[in-house]
Amino acid sequence: MPIVLTLTEGVIPAEKEGVAVERIVASFLRHHGLAGNSVMTPNVTSHVNVLPKGKTYAGGKPVDGAWIETKTPSFALADRGIQTAFLGDATEILHELSGGVLSKDRIWSDGVHAVDGTWNLGGRALSNAELGDAISAG
């Protein structure tokens with residue numbers, strides 16, 4: 001379940017990008033009651049895209065910002081309380097790691113739900129039900 005961070009260069013120090021990923025993934029797992037789950041913990045993946053200043057936009061104008069995108073099965077991030085708690089945490093993490101310089105109104109997020117049956121874990125495509133069984137076993 002990838003979590004993609006896209007950052008304008010310099011909005012958080014480069015040495016803190018990994019810290020941001022670690023803390024955001026931990027928040028995602030915690031809010032879903034899956035912290036330490038042997039199936040989900042190694043399968044919540046992430047990558048960071050850092051774009052040069054002048055190459056990120058809002059309203060068609062250059063802006064320094066951060067974007068958080070999740071790709072999950074339909075049962076993840078389905079509860080409004082989990083959505084607000086997790087995305088609130090992720091926003092706060094990026095704001096904090098920027099030293100308070102990156103304002104929260106320059107941190108955007110969205111979530112995408114995948115087609116059932118498209119989760120490939122361990123080289124095998126799993127349906128939501130199969131994924132749920134694997135998570136329960138983990």
Considering the range 101-117 alone, what residues qualify as being open to solvent by less than 70 Å² (accessible area, probe 1.4 Å) and over 12 Å from Ala66 (Cα atoms)? Gly111, Val112, Ala114, Gly117
Odd one out for Ser98 among (1) surrounded by 15 or more Cβ atoms within 10 Å (Cβ to Cβ); (2) under 17 Å from Pro2 (Cα atoms): (2)
Can Trp108 be described as within 16 Å of Ile3 (Cα to Cα) and more than 16 Å from the chain's Cα centre (by Cα)? no
For the range 109-138, what are the residues that are in a loop (DSSP other than H, G, I, E, B) and of a type in the set (Gly, Ala, Ser)? Ala114, Gly117, Gly122, Gly123, Ser127, Gly138
Inspect the range 124-137 for any residue being under 18 Å from Thr6 (Cα atoms), open to solvent by 30 Å² or more (accessible area, probe 1.4 Å) and touching a residue at least 40 places away in the same chain (Cβ under 8 Å) and give the result as yes or no. no
What number of residues within the range 28-40 satisfy the criterion of being in contact with a Gly (Cβ under 9 Å, 6 or more places away or on another chain), closer than 21 Å to Thr91 by Cα and not hydrophobic (A, V, I, L, M, F, W, C)? 1
Can you give me the number of residues within the range 1-18 that are open to solvent by 60 Å² or more (accessible area, probe 1.4 Å) and under 16 Å from the mean Cα position of the chain (by Cα)? 1
What's the total number of residues in the range 28-45 that are within 18 Å of Gly122 (Cα to Cα) and crowded, with 18+ Cβ neighbours inside 10 Å? 4
Do we have Asp64 as open to solvent by 50 Å² or more (accessible area, probe 1.4 Å) and over 12 Å from Ile3 (Cβ atoms) here? yes
Determine whether Leu87 is at pLDDT 90 or above, under 16 Å from the mean Cα position of the chain (by Cα) and among the aliphatic types (A, V, I, L, M). yes
Out of Gly18, Gly88, Gly65, which single residue is small (Gly, Ala, Ser) and in contact with a helix residue (DSSP H, G or I) (Cβ under 6 Å, 6 or more places away or on another chain)? Gly65
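The values are calculated or read from the model by the stated rules, or taken from the named source; none is laboratory data. Computed from a prediction, not measured in an experiment: that's the story for all the values here. In this analysis, Cβ positions are derived from the backbone assuming ideal geometry, glycine residues included, and neighbour counts consider all displayed protein chains. With ligands, DNA and RNA removed, areas are computed over all heavy atoms of the protein, side chains included. Shrake-Rupley method; radii C 1.70, N 1.55, O 1.52, S 1.80 Å.
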